[in-house]
1. Can you say whether residue 396 is farther than 23 Å from residue 284 by Cα, within 14 Å of the chain's Cα centre (by Cα), crowded, with 17+ Cβ neighbours inside 10 Å and without any contact (Cβ under 8 Å) to a residue 60 or more places away in the chain, as far as the supplied structure shows?
2. So how many residues does the range 394-412 have that are touching a helix residue (DSSP H, G or I) at 6+ places or on another chain (Cβ under 6 Å), more than 15 Å from residue 317 (Cα to Cα) and at pLDDT 90 or above?
3. Out of all the residues in the range 61-83, is one or more in a helix (DSSP H, G or I), more than 23 Å from the chain's Cα centre (by Cα) and either in the same structural domain as residue 165 (by TED's automatic domain parsing) or in contact (Cβ under 8 Å) with a residue 60 or more places away in the chain (or both)?
4. With 353, 447 as the choices, which residue is over 19 Å from residue 247 (Cα atoms) and under 14 Å from the mean Cα position of the chain (by Cα)?
5. Part of a loop (DSSP other than H, G, I, E, B), more than 21 Å from residue 225 (Cβ to Cβ) and modelled with pLDDT under 90: is that true of residue 132 in this structure?
6. Working only within the range 408-436, note down all residues that are more than 17 Å from residue 380 (Cα to Cα) and part of a loop (DSSP other than H, G, I, E, B).
7. Pick out, from the range 164-260, the strands (runs of 3 or more DSSP E) lying fully within it that include 3 or more residues that are crowded, with 19+ Cβ neighbours inside 10 Å and in contact (Cβ under 8 Å) with a residue 24 or more places away in the chain.
8. Return yes when residue 430 is in contact with a helix residue (DSSP H, G or I) (Cβ under 6 Å, 6 or more places away or on another chain) and within 27 Å of residue 268 (Cα to Cα) and no when it is not.
């Protein structure tokens with residue numbers, strides 16, 4: 001499990017979550033100890049520890065669902081403080097529900113409110129301190145970027161755009177007149193000029209982001225730096241790990257041929273299929289009342305069937321019929337297929353609701369059981385749009401090497417979009433998913449999807 005966490009979530013974020021959990025847990029136990037006394041605490045330590053674990057889990061789960069563990073952008077602290085207090089309020093409601101179902105877990109009123117006050121105070125101080133460290137990038141690794149062109153600019157934007165990237169650019173190598181070094185970093189003309197910075201460990205990583213490498217790679221200098229303990233990184237891999245996507249514009253056949261990944265073993269395929277079957281069957285049973293009510297609501301609002309079937313392109317280009325609850329009027333495409341759009345007039349009132357809540361996707365569980373789809377994978381597109389996008393976007397059909405999914409890495413990382421440009425941006429995430437496909441990544445995607453669905457992000 002630690003490997004799965006490290007691969008899809010930065011170590012800095014994992015350490016922050018674990019440290020905050022430890023703080024909450026220890027504070028609750030300290031309050032138990034102060035009210036109960038040492039003798040009673042030792043006698044019932046198992047009970048107290050378990051109750052503290054429940055409180056810790058509930059609060060941290062609420063923090064997660066309110067995006068309080070997303071540190072990509074440093075928020076204004078007063079706004080963040082208010083959000084933390086609101087999240088504590090939700091946590092108290094959830095705990096009240098748990099205590100109603102399991103009275104043995106109930107914490108006495110004085111312990112609970114004392115603990116809540118202490119936890120709130122410490123968490124606010126802890127987060128204030130952590131955000132100041134992030135803002136000043138105190139513990140970030142110093143990076144030198146070799147290149148000052150478009151590629152280097154994209155990599156620099158990815159580093160500077162994430163406050164929790166764990167890196168800061170201290171120097172560029174390339175054209176001193178390039179506007180890429182807008183942060184005031186020095187620009188050296190040759191890689192050998194980085195020697196003093198590398199020798200003093202003012203540079204710990206060198207990232208190669210040249211627009212054109214042929215005949216321009218200073219191999220001798222780079223090898224020397226490598227022997228000095230400086231990490232030499234290719235910008236494609238560095239950007240992929242930093243952003244969770246692959247820069248499609250930089251992909252070429254040789255990169256696809258020699259890069260790691262893009263292979264799913266037999267065991268992973270078997271486990272993924274078993275997980276799909278059991279999860280889809282279980283959800284079909286649990287959601288059967290919702291199925292019935294939705295079907296009736298769709299039928300009563302407008303003429304036509306409750307379900308809608310539409311051709312989509314699946315694995316290896318095979319066309320299949322996707323099943324959804326009908327969310328549009330029957331003649332919605334009388335003038336031909338078009339992209340969906342915000343405030344689409346073709347969508348019924350019931351259709352708008354089931355789209356926002358993702359209920360319209362539930363019948364796709366049938367497609368999963370049939371084997372047309374998986375729970376996680378690139379979203380299947382219509383044949384007419386696939387043909388159009390394959391002409392405009394390089395390597396677009398690579399999406400078809402795996403089964404399409406009800407949810408996917410692109411769906412949780414990129415807002416809803418319906419254009420060729422959006423398809424290109426989503427392909428960057430789809431390629432990342434295909435390259436790193438594993439059961440661990442599927443579980444991480446599903447976990448993130450729960451939050452997206454609950455807060456209606458990206459639906460249209």
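The values are calculated or read from the model by the stated rules, or taken from the named source; none is laboratory data. Predicted model only: the values in this text are computed from it and were never measured. Using ideal geometry, Cβ is built from the backbone for each residue, glycine included, and neighbour counts are taken over all protein chains shown.
1. no
2. Summing the residues that are touching a helix residue (DSSP H, G or I) at 6+ places or on another chain (Cβ under 6 Å), more than 15 Å from residue 317 (Cα to Cα) and at pLDDT 90 or above in the range 394-412 gives 4.
3. no
4. Details: 353 fails: under 14 Å from the mean Cα position of the chain (by Cα).
447 is the lone residue from the list that is over 19 Å from residue 247 (Cα atoms) and under 14 Å from the mean Cα position of the chain (by Cα).
5. On the way: part of a loop (DSSP other than H, G, I, E, B): no; more than 21 Å from residue 225 (Cβ to Cβ): yes; modelled with pLDDT under 90: yes.
Criteria not met by residue 132.
6. 436
7. The qualifying strands (runs of 3 or more DSSP E) are 167-173, 205-208.
8. yes
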